[in-house]
């Protein structure tokens, strides 16, 4: 089955700097790669997703890149703000339900 | 209107008890799930139901029994609760295996 590895597990950045979170997946049949943000005490919420026929997608300060050959995808957050502080999860799916990475706790220091 | 709703939000109970968590979605999705999030925040799938049929049952003890009366509902019943069952349980739904919409979670504490 699918296995998703996510790094780093924790990340601290200064407000205004960029943050990058990386994930790798194992199943070449996976074709859908979402990113979820979970604030303390709340449910995970989708922030951006990408499909395997696209290499990059951007939504304001958030972008995701996908390298199907290397089986890795990354989340980029630019101009970070304190409200970006949360746990971020990558995930992958294809023929099976979403498998999540172990999460990255992002702290944006004002 | 809440897309995926689950109740209760908090559940505190003694070891050995039996408890249930209810989940309903009004998105018209064909697939519903239960995920468990432990204290380290790992999100792990427990069950997946498609149109009321069990598709996936990960290595979950048989004390956990999902029940889907129709494709808008997926309830989770837990027998003989153990300390290690303490976690946050999320219900979710999606169309096929894509965008998951999560419920607000049920924080289960077994004393």
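Read the figures in this text as sums done on the coordinates, not as results from a lab. Just so you know, these numbers come straight off a predicted model, no measurement behind them. Ideal geometry is used to build each Cβ from the backbone, glycine not excepted, and the neighbour counts take in all protein chains shown.
General remarks:
- The three principal axes of the Cα atoms in the protein assembly as shown give end-to-end lengths of 49, 37, 33 Å, sorted in falling order.
- Full extension of the segment from residue B:12 to residue B:30, taken as 0.36 nm per residue of separation minus the current Cα-Cα distance, would add 3.4 nm.
- With the simple spin-label model, which puts each label point 7 Å out from Cα in the Cβ direction, the residue A:79 to residue A:109 separation comes to 2.3 nm.
- Average partner coverage of A:30-38, which counts Cβ from other chains inside 10 Å: 2
- Tensor-based shape of the stretch B:25-71 (alpha-carbon gyration tensor, a/c under 1.5 rounded, otherwise prolate or oblate): oblate
- Residue by residue along B:10-16, Cβ atoms of other protein chains within 10 Å of the local Cβ number 0 on average.
- Gyration tensor (alpha-carbon) shape descriptor, the stretch B:1-56, a/c threshold 1.5: prolate
- By the compact-protein rule of thumb, 2.2 N^0.38 Å, the alpha-carbon radius of gyration of chain A corresponds to a ratio of 1.01.
- Likely footprinting exposure, A:28, B:104, fewest C-beta neighbours within 10 Å first: A:28, B:104
- Residues within the reach of a label modelled at residue A:15 (point 7 angstrom out along Cα to beta-carbon, backbone nitrogen below 19 Å), restricted to the stretch A:61-76, are A:61-62.
- For residue A:69 and residue A:29, the difference between the fully extended length at 0.36 nm per residue and the C-alpha to C-alpha distance is 13.2 nm.
- Averaged over the residues of B:97-108, the number of partner chain Cβ atoms lying within 10 Å of the residue Cβ comes to 5.
- Sorting the segments B:83-91, B:51-59 by their mean number of nearby beta carbons within 10 angstrom, highest to lowest, gives B:83-91, B:51-59.
- All-pairs alpha carbon distance profile, the stretch B:29-111, 10 Å steps from 0, percent: 18, 54, 25, 3
- Rg over Rh for the stretch A:21-81 works out to 0.99, both radii taken from alpha-carbon positions and Rh defined as the Kirkwood radius.
- Neighbour counts of C-beta atoms inside 10 Å place B:15, B:32, B:46 in the sequence B:15, B:46, B:32, starting with the fewest.
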